[in-house]
């Protein structure tokens, strides 16, 4: 899979909670790895978690109970990513940027 480059503030992972990252069935979503800063690529399970025992299996940002769809709803309602992050402080900027970048990559590669 192709990796994407996302620059995190300060060049680091920008608050991605390593202790909360765990393998999930999110790899089934077909998301590409996303490069964070210049350090490493984020795997899909570091961005999205899908667990039938958590929020009924709705895809959420890893380590949170915030559905991924909420980010897209905010953007569709002409809200900014900053506003979304203010409303959901458990989601890191890198996670939000990673989901958007992976979504863009999926759209652009599926269009070919």
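Residue-by-condition table, conditions (1) at pLDDT below 55; (2) touching a helix residue (DSSP H, G or I) at 6+ places or on another chain (Cβ under 6 Å):
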{"residue": "5", "(1), (2)": "yes, no"}
{"residue": "37", "(1), (2)": "yes, yes"}
{"residue": "47", "(1), (2)": "no, yes"}
{"residue": "72", "(1), (2)": "no, no"}
{"residue": "82", "(1), (2)": "no, no"}
{"residue": "92", "(1), (2)": "no, no"}
{"residue": "98", "(1), (2)": "no, yes"}
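Scanning the stretch 73-98 for residues that are assigned to a helix (DSSP H, G or I) and without any contact (Cβ under 8 Å) to a residue 12 or more places away in the chain, we see that the one that is nearest to residue 59 (Cα to Cα) is 73. Scanning the stretch 59-70 for residues that are touching a helix residue (DSSP H, G or I) at 6+ places or on another chain (Cβ under 9 Å) and loosely packed, with under 15 Cβ neighbours inside 10 Å yields a single hit, 65. Residue 63 satisfies every condition listed in (1) modelled with pLDDT under 90; (2) touching a strand residue (DSSP E or B) at 6+ places or on another chain (Cβ under 8 Å) except (1).
The values are calculated or read from the model by the stated rules, or taken from the named source; none is laboratory data. On a predicted model such as this, the values are computed, not experimentally measured, just so you know. Neighbour counts run over all protein chains shown; Cβ positions are idealised from the backbone, glycine included.
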